[in-house]
Each structure stands twice: as structure tokens, then as C-alpha cells.
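What follows draws every value from the coordinates through simple rules; no lab data is involved. Keep in mind that what you see is a predicted model, and the values were worked out from it rather than measured. Counting neighbours? That spans all protein chains shown, and the Cβs are built from the backbone with ideal geometry, glycine included.
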Amino acid sequence: MGLSNTPQAKRFIAQAIAEDLGQGDVTTEALIPKTQQGRASIVAKASGIIAGVEIAKHVFLKVDPELKLTTLIEDGTEVKPGDIVAKIEGRIASILKAERVALNLLQRLSGIASETSQYVRAINGLPVQITDTRKTTPCLRMLEKYAVQVGGGKNHRMHLGDGILIKDNHLAALRHQGLGIKEIVTRTRQKASPKLKIEVEVKTPQEAVEAAGAGADIIMLDNMGLEDMRQAVQLIKGRALIEASGGITLDKVRAVAETGVDLISIGALTHSVKALDISLELD
């Protein structure tokens, strides 16, 4: 089953169309005859990586199942300005009614894939993975994390049930009970499923050593400087995977990767990405 055919994607597409078209397209209905036929092209206006073509296609078909769509560029393909991503044939009124929702999704997902690709290229040749976070648009997580994959990145947790991540606020609450990192990890092992990996967020190399000694599977180095990252990597010596996180920008990511961490998680891939410029043009 493709992404666009999943129940979650179908529900979201229906909701997105209803949000935009719920009261009808009064402009198109006033000006364009229902029977007028035509053709349109979806055209890239900037360079980047395309993601979400099938999602956009299903938006058009949800509005009008009789539209004919031809995909010319598949997800994961690098485009330049002027490249035609897809062609659409059928009722012009239907094309215009579906245009905005389809482009909104295609532009955002392509923007995420393009941004992810830049980070992946920046660490080329190093044994590090770029991952996303849960800082996604509400109800769009599945699509946005798919776009990260298209751009060459990996998905971190899809949801709160996907793995254990003991963050600073968990630690703060439990430290009020007199518990240290070792006791917190032990309690987690006792109560959680043994199938789940345990990740602990730390702020110093010393905390990283404590978490590794307690048996954590993954250590998240939160907003650490490069020297502290290198020290943490040396002290842990492979006893756990190490993830760098917090404020890592494109110009800094290779230096972070060179510290020896295994994962670099970047919330900006989804929470503040710039949409890729893509338009629809009637032929």
C-alpha cells in the first residue's frame, strides 16, 4: 500500500479539501463552464528534491476522479526551475478547485526533502545519520517524516509509543524524588517493554557517562559544544549510540558529525522549513 492510499493519508486529504472547498469555489463556479476541458502542468520554480507527487495526485482525483494525471518526475528526483513534475487533463474547474491544496502539500513536502538532502550531503563520507524529530505540523507527521526519508534522512520516533526518551523534564521531575540517572534508567527497564530502546537526554559529558553506565541504549547530547561532544564520545567508547541534538544548523552539521556521534537530530527539517516553489500552469 502506497503512502497516499493509507487510511490516515486518505482522511487527511479529505479534511484538507473540505477546509478549502467546503463552501465551494465561488470564483471558478462563476467564471468557468463546468464542461470546459483543458490541460495543466505542475512546474518546479526552484531547484530542490521533489516529494509528495502521489499525495498531490490523490488530491486532484479526490476532487474529480475523472481527471487524468501523468507523473513525469518521481519523488526523490532533483529538479531545477522549469522542470515539469506532472501533467493534468480534464475539467478546468476541477483542476482549479484542487490546485491550492495539492500544491500546498507538494511544496511543503518537497521543501522538507530538499532541506534534508542538504544536511545529508553536508556529512557525506562520515558514518553519521541525519534524523528528524517530533517537531512536526499537527496531523502532518506521517507525510513530513516520509519527506525526510525522500531527502535521505532517517526517522526518529514517529510517536510517543515508539521508544523511550527520558528528557530533561522527566529527569527534573524524578530528581525531586531523589532519583539519579542510574535509578531512573533502572526504573524504566523494570516498567517498560524490553523491546523498547531507552534514550536519555544529557547536558554534560559526565551525565553522558552516567547514562551509559546505567545501561541506556542511546545518549542524546543536548545543545553541547563541539569539545564536550568529542569528550562524551571518547568517554562512552561505543557503550551506547550517541545522538547530537539542539541548534545544529547546516553550516555546523559537518563539524558536529566529525566529533564521532552516530546520529544528528534536526527539528528544523520539519518545524521551520521553507516550501519549495512549485506552481500549476494551464497550457
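General observations
- Gyration tensor (alpha-carbon) shape descriptor, the chain, a/c threshold 1.5: prolate
- What you get for the chain, charging only the Cβ of Lys and Arg (+1) and of Asp and Glu (-1), is a dipole of about 680 debye around the Cα centre.
- Rounded, prolate or oblate (a/c below 1.5 giving rounded, otherwise prolate when a/b exceeds b/c) for segment 144-198 by Cα gyration tensor: prolate
- Charged-residue dipole, Cβ positions (Lys, Arg, Asp, Glu), segment 121-271 about Cα centre, Debye nearest 20: 420 debye
- Separation between Cα centres of segment 232-283 and segment 68-115, rounded to whole Å: 27 Å
- Residue among K237, K195, K45 with the largest mean-square fluctuation in a Gaussian network model of the chain, springs linking Cα atoms under 10 Å: K195
- Charge dipole (debye, nearest 20) of segment 100-154; +1 at Cβ of Lys and Arg, -1 at Cβ of Asp and Glu: 140 debye
- Top of I112, I181, I130 by mean-square fluctuation, Gaussian network on the chain, Cα under 10 Å: I181
- Summing charges over neighbours of K274, with a neighbour being any other residue whose Cβ is under 10 Å away from its Cβ, gives -1 when K and R count +1 and D and E count -1.
- Choice from T28, T204, T270 with maximal GNM fluctuation in the chain (Cα, 10 Å cutoff): T28
- Exposure proxy shown here: for V59, V185, V148, the number of other Cβ atoms within 10 Å sets the order, fewest to most, as V185, V59, V148.
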